[in-house]
Amino acid sequence: MALALTGSASGTSVYRPGRLAAYVSRRAWDVVRATPATSALVGALVATSALLSAGAVDADWLERWASTNIVNLHHHPFSAMIASAFVLTGPSVVNVGFTAYVCGVLERRVGSVRMLAVGLAGQVIASLLTEGAVRFAIRTGNESWSSAWRFDVGISYVMFTVAAAATLLAPVRLRRVLLFVGVAVTAGQLAAYHDMTSSGHAMSYVIGLLCWPLLSRDVAQLRVRRRALQALTALTIVGLLAIYLPLPPNSSHHRVRAASSAQVVSHLPSGAG
C-alpha cells in the first residue's frame, strides 16, 4: 500500500495530493473558458446569495426593490428586470445547479450572445405578461391592490426558458422525452397552484420553445423563424400594453396605483432605477 501511494523503486510516478487540486483547477478554468456567460451568471448568483446570507445587504429591501411587480416596472423597469433574476430566496441550490447546466449546454452549442438573448427573452416577456395579468386582475377586482407591489424575484423564468430552448439540442427520441417532462412539470404546477409563479413558468417554457427556429441553422426554416420572431414580438407588445397602457386618469385604479407607487418609492434610495 505504501508503494502504491508513494511510488516504487521501479520508477513509477509518486502520488502527490496537489495533482488532484491542479487537475480540478484546470478543468474548472476550461469550463469557464468554454462557457463564460454561464460562469458569470452562476458567479453572480452565488455572490448575491453569499452577500444575503452574510447580512451584508438588507434582504428585505433588496427583494422589495428588485421584484418585477407592477410598481417597480413603472418606477425602474430595467434594473428590476435584470436584478430580480439574481435575488434568490429560500433553498436554491437545485435551481442554480440546473440553470448552470442548461445554460452551459446551450451556450456551448449556440454561443454566449444567443444563450443570453434566450434567457433575457424569457425573463422580460414572462414578467411583462404575468404582471400584466395581475394588473388586469386588480382592475377587474379579482386581486387586491397590494398585488401591485408583491415580491417576485428569482432565476426560474430564465431557467425554464433556457431549458426549453436547450431541448432542441437533444437527439430526437430524447427530445420527445424531455418535452414530455417539461410539459408535465409546467402543467402540473399550473394544476396544483394556479398562481402567478406557475403561470410565469409555463409562459417561460413556451417562450423557450418559440426560440427553437431562431437557434436552428437550417436555412429551410426561414419562414418558421420569421413566424417565431413575430410571435415573440407580439407577446412582448401584449405585455408592454398590459403594463403601460394608460388608464382613465380619474379612475380609482389610477389613484390607488399612484398611492402604491409612492409607498414603494419611499423605501427606495435616491437615484434608484
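Every number in this text was worked out from the coordinates using simple rules, so none of it is lab data. In this text the structure is predicted, and so the values were computed from the model without any measurement. Every residue, glycine as well, gets a Cβ built from its backbone with ideal geometry; the counts of neighbours run over all protein chains shown.
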Handout entry: Answer residue from segment 20-72, given it is surrounded by 14 or more Cβ atoms within 10 Å (Cβ to Cβ) and among the hydroxyl-bearing types (Ser, Thr, Tyr) and is nearest to Leu240 (Cα to Cα) among those
Key = Thr68
Problem - Residues located in segment 73-86, provided they are surrounded by 22 or more Cβ atoms within 10 Å (Cβ to Cβ), under 17 Å from Ile155 (Cβ atoms) and of a type outside the set (Ser, Thr, Tyr) - result: Ala80, Ala85
Practice task
For residues that are touching a residue at least 60 places away in the same chain (Cβ under 8 Å) and not in a loop (DSSP other than H, G, I, E, B), scanning just segment 87-105, find the one that is surrounded by the most Cβ atoms within 10 Å (Cβ to Cβ).
Solution key: Cys103
Problem - Residue among Ser49, Ser53, Ser84 that alone is more than 16 Å from Gln123 (Cα to Cα) and in contact (Cβ under 8 Å) with a residue 24 or more places away in the chain - result: Ser49
Problem - Residue selected from segment 215-245 under the condition touching a residue at least 12 places away in the same chain (Cβ under 8 Å) and hydroxyl-bearing (Ser, Thr, Tyr), by the criterion farthest from Val71 (Cα to Cα) - result: Ser216
Fill in the blank from the handout: By residue number, the members of segment 131-169 that are of a type outside the set (Phe, Trp, Tyr), within 22 Å of Gln230 (Cβ to Cβ) and crowded, with 24+ Cβ neighbours inside 10 Å are Thr161, Val162, Ala164, Ala165
